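Have a look at the structure below, then the notes.
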Amino acid sequence: MKEENHSRELISVLGLTLAAMFWGISYPLTKFVEDVPTFYIISLRFILAAALLAVCFFRHFRNYNFDTLKNAFILSFLLTAMYIFNIVGVKYTTSVKASFFTTLSFLVCPVINLILYKMKIQKFIGISALICLAGTCMLCYTPDMGRLVINFGDILCALASVAGAINIIYMEKMSHRDNIDNTLFTIFLMAFIALWGTVIALARGEFSYHSQVTSSQMIAIVLMGLFSSAGAFILQIHCEKHVPSNRVGIIFSLEPASGCILSVLLIHETMSLIGWMGALVIMISILYMEFANNRQQARLKTESVN
């Protein structure tokens with residue numbers, strides 16, 4: 001049984017890594033559609049994700065209950081707030097500082113778990129988080145990062161990281177609820193985010209831009225809906241069931257690293273040597289965390305046998 005649980009955990013770690021990479025794809029795709037209004041993109045992206053998941057997993061609607069709908073409704077506000085904090089925050093700070101503050105969820109998760117759930121921060125998690133922080137600093141470093149001034153945009157992006165961390169923890173709690181169908185929960189979550197994005201886009205008059213969207217830009221939005229929304233979130237809700245949220249936060253730090261690398265490969269952006277080293281350090285932090293976790297489990301298994 002323990003071997004089976006260990007295999008399931010390993011597969012879940014790989015699934016979460018894939019989810020982080022799917023979110024990373026959104027970096028170059030978002031850059032490609034940067035002229036398209038933001039909430040117009042969010043609306044179409046999540047409508048597509050919700051519709052795709054609903055069609056593919058329509059049998060799961062038989063497992064409907066109010067608890068599933070209610071929790072998806074609550075979390076949708078949190079995720080929409082995360083997008084708003086990030087989008088507005090970028091307007092008042094540099095994109096580099098925004099990406100740095102927004103991706104600090106891996107540090108926020110253990111702190112929230114410690115405060116709310118008295119979950120002790122394991123030593124290897126703390127070490128891995130610090131290594132990951134160093135990698136993130138290197139990945140995002142520019143001369144602007146040397147300034148210690150924290151402005152309004154930085155605060156909003158930091159709030160986005162808090163919302164992201166709560167999302168990770170909330171999703172983990174939901175994935176363990178016996179009365180909640182994880183797939184149906186994700187479908188409702190996508191639908192609610194699509195609803196809020198559509199409401200905001202209509203209020204801002206962003207749908208008037210529709211006639212100016214090119215076919216290639218629409219393909220980019222479709223890819224975001226398929227991979228960065230439907231694929232990533234369905235992987236997250238199913239895989240978090242077998243991986244503690246403190247570790248999930250660090251795994252998701254791969255998102256900016258993979259995003260930067262994919263931007264270089266797909267749209268030919270440039271990344272400095274220190275940026276490449278930062279991406280490597282982030283990957284090392286995750287490998288260290290998984291190695292240390294496996295070693296700890298092996299030790300506990302040996303002790304239980306003895």
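The values are calculated or read from the model by the stated rules, or taken from the named source; none is laboratory data. Quantities reported herein were computed from a predicted structural model and do not represent experimental measurements. Every residue, glycine as well, gets a Cβ built from its backbone with ideal geometry; the counts of neighbours run over all protein chains shown.
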Legend entry - Hey, ILE41 loosely packed, with under 14 Cβ neighbours inside 10 Å and within 19 Å of the chain's Cα centre (by Cα) or not: no
Inset, instruction - Pick out the one residue from VAL108, VAL90 that is more than 22 Å from GLN297 (Cα to Cα), buried (at least 16 other Cβ atoms within 10 Å of the Cβ) and at pLDDT 85 or above. - result: VAL108
Legend entry - Sole residue being modelled with pLDDT of 90 or more and touching a Leu at 6+ places or on another chain (Cβ under 7 Å), chosen from LEU235, LEU159: LEU235
Inset, instruction - Please verify whether the range 144-166 includes one or more residues that are basic (Lys, Arg), farther than 22 Å from ALA81 by Cβ and in contact (Cβ under 8 Å) with a residue 40 or more places away in the chain. - result: no
Inset, instruction - Please give the number of the condition LEU130 fails out of (1) surrounded by 13 or more Cβ atoms within 10 Å (Cβ to Cβ); (2) farther than 30 Å from PHE46 by Cα; (3) hydrophobic (A, V, I, L, M, F, W, C). - result: (1)
Legend entry - Output for the range 42-82, where each listed residue is of a type in the set (Phe, Trp, Tyr) and in contact (Cβ under 8 Å) with a residue 60 or more places away in the chain: PHE46, PHE57, PHE61, TYR64, PHE73, PHE77
Inset, instruction - Could you tell me whether any residue of the range 146-155 is of a type in the set (S, T, N, Q), farther than 24 Å from HIS238 by Cβ, assigned to a loop (DSSP other than H, G, I, E, B) and out of contact with any Gly (no Cβ under 6 Å at 6 or more places or on another chain)? - result: yes
Legend entry - Matching helices (runs of 4 or more DSSP H) fully within the range 212-306 where at least 3 residues are within 21 Å of SER175 (Cα to Cα): 232-239, 245-251
